[in-house]
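See structure below.
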Amino acid sequence: MSRLLENISKGLISKEEIPIPNFQVVATPEEARKAAQEIGGEIVVKALIPIGKRKKAGLVKFAKDAEDTKIIAAELLGKTVQFYPINKVLIEKKLNIKEELFVSITIDKNKQVPIIIASVVGGIDIEELSRQYPEKISKTMVNPLIGLPKYKSREIWSGLGMTSTKLKQCSTILDRLYQVFLKYDCTILEVNPLVLTKEGIVKVAAVVMGVDDLAIFRQKEIEPYLEVGSERSWKPLTDLEKQVVSVNEADPYRGTARYTEMDNGEIGFMCGGGGASLLLFDALLNLGVKPANYTEFGGNPPEKKVYGLAKAIISKPGIKGLFVCGNITSNTQVDKLARGIVRAVKESNKDPKKFPILVRYAGVNEAIGKQIIEEAGIEYYGDNITMEEAASLMVKRIEVLRK
Amino acid sequence: MAILINKETKIAIQGITGREASMVTKHMLDYGTKIIAGITPGKFGENVYGVPVYNTMKEACIKHEINTSIIYVPPAFVMDAVMEAVDNNLKFIVIITENIPIHDTVKCLYYAKKAGAIVVGPNTAGLINPEDRVKIGPLGGDNAERCFVPGSIGVISRSGGMTAETSWMIKRAGKGVTTSIGIGGDPLIGSSPKSLLALFEQDKKTEAVLMFSEPGTRFEEDVADFIKEGGFTKTLIAYVAGRFTEQLPEGTVFGHAGAIIEGGLGKPSIKIKMLREAGVKVAENYDNIIEFLEEL
């Protein structure tokens, strides 16, 4: 999932005529002061970084005037939170809140349809909401082939006890939010809080918008604004991770190579297949050896990709050996794999006698692969042992080094 | 016997002229699978290893008896392809394509379900029935015998690679499989382990089922409930991979897109606990499945 920063997501919903408070985006405390002056009154200052639960993290603050805004902006700007430096803040008019509401649209993975969660209590996160006010929440499944008829939006809010102009405003907003959810291939569109002001107007005070990475090909309009996190976790990529991303993207349509660096770890982990990699990582940990990285590769990668991946794995400082293992494959050419690994090992000046390497790979052309690997002095197995037996042999090789 | 596919399975491949689809077509044909037709718009009159190509499913269905579709079209066209198969009354659809936008997957699965069609996938390596020599998708490649021999065990796995490896472990234990199924690596799929267990329960030949599980989804929790309700009464052996992912920050995805722990849901430790409470034989190490198989 890719997130959009709040200024972008607010811009997109505003385009669909969903009411939002006035805001400006600034990069310095002085700009913040000016923006606050222009907007006038009490101000909300929000750090513009793509992480959830910003309020809890102290990244959403209230200022009573322009000078106060400047001080708060100065505190936030330049800080780094969860690896994200705060380069910009959003300066927004503080709404005169009478009531806070909640509405979220997402896809229910069990029911396999879009689900709308609405509540007449807002401003707290959904987990707490479910715990404290289960009776004030409504959950509605949507028929994906039809979408959300307008009457459903009314039913949702009316069912929560809402009436009069508030009901009309909230229903129209929900109706438009659902259109936004569809239009931009959202995986989540959450408004928390949706605010009823003392003036009687309903506005979106805060919005979280996540977009399906797999739909980016048809979301050209917003593509430049998508904050793509690491594919593996919500943090920026390390240098080695970036190196593997470029190896993978140099030839994007043949095979895949993914790499995630782990803290510390003793051995390079080069395993194939999503399921097999999970199994093998567990197996090594159970046997008392921590891998220095997580990897999966597969789909018959060309030699160059195997080489690039192996080279990156081996280059992590402090690792003592390399474990190459995968399930029996029907398409991966073991000879290409062998050539890529052997080249990376040689170029990295690793001597298999001092830097144990073990390969367990059975697939296409494995006889040639075996020959290439064994000629380089590397231990090779095919389907004569199981994957866990291979892991346990690898651990034995590392234990010898420890002595 | 087996589930979902047998000697009566008559297949049309949507997107048959693609590079990968045509190679897989050859492997399937060589294995003995009945591929009746291929669909690629604009390529009527061509053939792929002797399989005639049609512009539309409708034309193929007029000429031939077809009951199964394999979808190999690019992600952006999958939704249309599924609707085409469903509207031509096909009741079994296997979606091999991966990286389909989630909004499209939601619509496809809903559309098929409403019409009473069974979907396997998306993002599956396919399924195989070695006794009848029917295989669908790339599973087994051009050397299916290496991992898949006929027998009495059913296999369910999200990972295609582990569908093969697990079937090979069964062979190593001196047994074989009725049907081995890669259910697909996406968070939203047509046939869940629970729905497949319901079919294995009905299959006389299947004595026990082996399930390879990963983090994410509620599949195993649903299986545990299903067993407690009496929906599956045969032996179920399971292995849950990826226990280490519980130590990582939530939202980290390793392996398949579906392998994600969110909001405290999808943890392997909880799956293992619930499966064990339902009487499932959960292997501590993957190799232990061999001992469980020998006890059968």
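Tabulated results
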item	result
Residue among A:GLY377, A:GLY369 that alone is at pLDDT 95 or above and closer than 17 Å to A:VAL306 by Cα	A:GLY369
Extreme residue, surrounded by the most Cβ atoms within 10 Å (Cβ to Cβ), among residues of segment A:167-178 that are more than 18 Å from A:PRO21 (Cβ to Cβ) and over 30 Å from the mean Cα position of the chain (by Cα)	A:SER171
Matching option when the condition is buried (at least 19 other Cβ atoms within 10 Å of the Cβ), within 26 Å of A:ASP185 (Cβ to Cβ) and in the same structural domain as A:GLU127 (by TED's automatic domain parsing), among A:LEU90, A:LEU5	A:LEU5
B:PRO122 farther than 17 Å from B:LYS7 by Cα, within 8 Å of another protein chain (Cβ to nearest Cβ) and in a loop (DSSP other than H, G, I, E, B)	no
Hey, B:PHE148 under 28 Å from B:GLY230 (Cβ atoms), touching a Gly at 6+ places or on another chain (Cβ under 7 Å) and buried (at least 24 other Cβ atoms within 10 Å of the Cβ) or not	no
Whichever residue in segment A:133-151 is within 28 Å of the chain's Cα centre (by Cα) and of a type in the set (Ser, Thr, Tyr) and, among such residues, is farthest from A:ILE201 (Cα to Cα)	A:THR140
A:THR172 away from chain B (no Cβ under 14 Å), under 22 Å from B:ARG218 (Cβ atoms) and modelled with pLDDT of 95 or more	no
Scan of segment A:18-37 for residues that are modelled with pLDDT of 95 or more and not in a helix (DSSP H, G or I), ordered by number	A:ILE18, A:PRO19, A:ILE20, A:PRO21, A:PHE23, A:GLN24, A:VAL25, A:VAL26, A:ALA27, A:THR28
Qualifying strands (runs of 3 or more DSSP E) (wholly inside segment A:84-161; at least 1 residues being within 14 Å of chain B (Cβ to nearest Cβ) and of a type in the set (S, T, N, Q))	A:97-108
Residue in segment B:61-118 that is farthest from B:THR33 (Cα to Cα), counting only those that are in a loop (DSSP other than H, G, I, E, B) and within 14 Å of another protein chain (Cβ to nearest Cβ)	B:PRO101
Residue tally, condition surrounded by 24 or more Cβ atoms within 10 Å (Cβ to Cβ) and not hydrophobic (A, V, I, L, M, F, W, C), over segment B:1-32	2
Test result for A:GLN82, farther than 20 Å from A:THR197 by Cα, surrounded by fewer than 19 Cβ atoms within 10 Å (Cβ to Cβ), more than 23 Å from the chain's Cα centre (by Cα) and not assigned by TED's automatic domain parsing to the domain that holds A:GLU221	no
Filtered residues of segment A:179-201 (kept if surrounded by fewer than 22 Cβ atoms within 10 Å (Cβ to Cβ) and aliphatic (A, V, I, L, M))	A:VAL180, A:LEU182, A:ILE188, A:ILE201
Of all residues in segment B:92-117 being of a type in the set (A, V, I, L, M) and either under 19 Å from B:GLY15 (Cβ atoms) or within 16 Å of the chain's Cα centre (by Cα) (or both), the one that is surrounded by the fewest Cβ atoms within 10 Å (Cβ to Cβ)	B:ALA117
Segment B:204-238, subset more than 17 Å from the chain's Cα centre (by Cα) and of a type in the set (Phe, Trp, Tyr), residue farthest from the other protein chains (Cβ to nearest Cβ)	B:PHE232
Residue within segment A:386-396 that is among the basic types (Lys, Arg), surrounded by fewer than 21 Cβ atoms within 10 Å (Cβ to Cβ), touching a Gly at 6+ places or on another chain (Cβ under 9 Å) and assigned by TED's automatic domain parsing to the domain that holds A:LYS305 present	no
Residue list for segment A:285-294, restricted to those being free of Cβ contacts under 8 Å to residues at least 40 places away in the same chain and outside any loop (DSSP other than H, G, I, E, B)	A:LEU285, A:ASN286, A:PRO291
For A:GLU221: the one exception among (1) under 25 Å from B:VAL106 (Cβ atoms); (2) crowded, with 17+ Cβ neighbours inside 10 Å; (3) more than 14 Å from chain B (Cβ to nearest Cβ)	(2)
Any hit, segment B:264-272, residues being of a type in the set (D, E, K, R) and over 23 Å from B:GLY121 (Cα atoms)	no
Test: A:ASP282 is not β-branched (Val, Ile, Thr) and not in a loop (DSSP other than H, G, I, E, B)	yes
Residues satisfying the stated conditions in segment B:125-178, i.e. part of a loop (DSSP other than H, G, I, E, B), more than 23 Å from B:ALA259 (Cβ to Cβ) and either away from chain A (no Cβ under 11 Å) or modelled with pLDDT of 95 or more (or both)	B:PRO130, B:GLU131, B:ASP132, B:ARG133, B:PHE148, B:VAL149, B:ALA173, B:GLY174, B:LYS175, B:GLY176
Members of segment A:346-361 that are modelled with pLDDT of 95 or more and either in contact with an Asp or Glu (Cβ under 9 Å, 6 or more places away or on another chain) or outside the structural domain of A:ALA312 (by TED's automatic domain parsing) (or both)	A:PRO356, A:ILE357, A:LEU358, A:VAL359, A:ARG360
Some residue of segment A:326-348 being crowded, with 19+ Cβ neighbours inside 10 Å, closer than 28 Å to B:ILE289 by Cα and more than 14 Å from every other protein chain (Cβ to nearest Cβ)	no
Tally of residues being at negative phi and either within 12 Å of another protein chain (Cβ to nearest Cβ) or in contact with a Ser or Thr (Cβ under 6 Å, 6 or more places away or on another chain) (or both) across segment A:364-403	13
Residue in segment A:300-321 that is touching a strand residue (DSSP E or B) at 6+ places or on another chain (Cβ under 6 Å) and among the aromatic types (Phe, Trp, Tyr) present	no
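Yes or no, residue by residue, for (1) within 29 Å of the chain's Cα centre (by Cα); (2) under 28 Å from A:GLU42 (Cα atoms):
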| residue | (1), (2) |
| --- | --- |
| A:ASN96 | no, yes |
| A:ILE124 | yes, yes |
| A:ARG131 | yes, no |
| A:SER153 | no, no |
| A:THR163 | no, no |
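Conditions (1) part of a helix (DSSP H, G or I); (2) within 11 Å of chain B (Cβ to nearest Cβ); (3) under 30 Å from A:LEU12 (Cβ atoms), marked per residue:
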site	(1), (2), (3)
A:VAL208	no, no, yes
A:PHE217	yes, yes, yes
A:ASN264	no, no, no
A:MET270	no, no, no
A:ALA312	yes, no, no
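The values are calculated or read from the model by the stated rules, or taken from the named source; none is laboratory data. Predicted model only: the values in this text are computed from it and were never measured. Note that each Cβ is placed from the backbone with ideal geometry, even for glycine, and that neighbours are counted across all protein chains shown.
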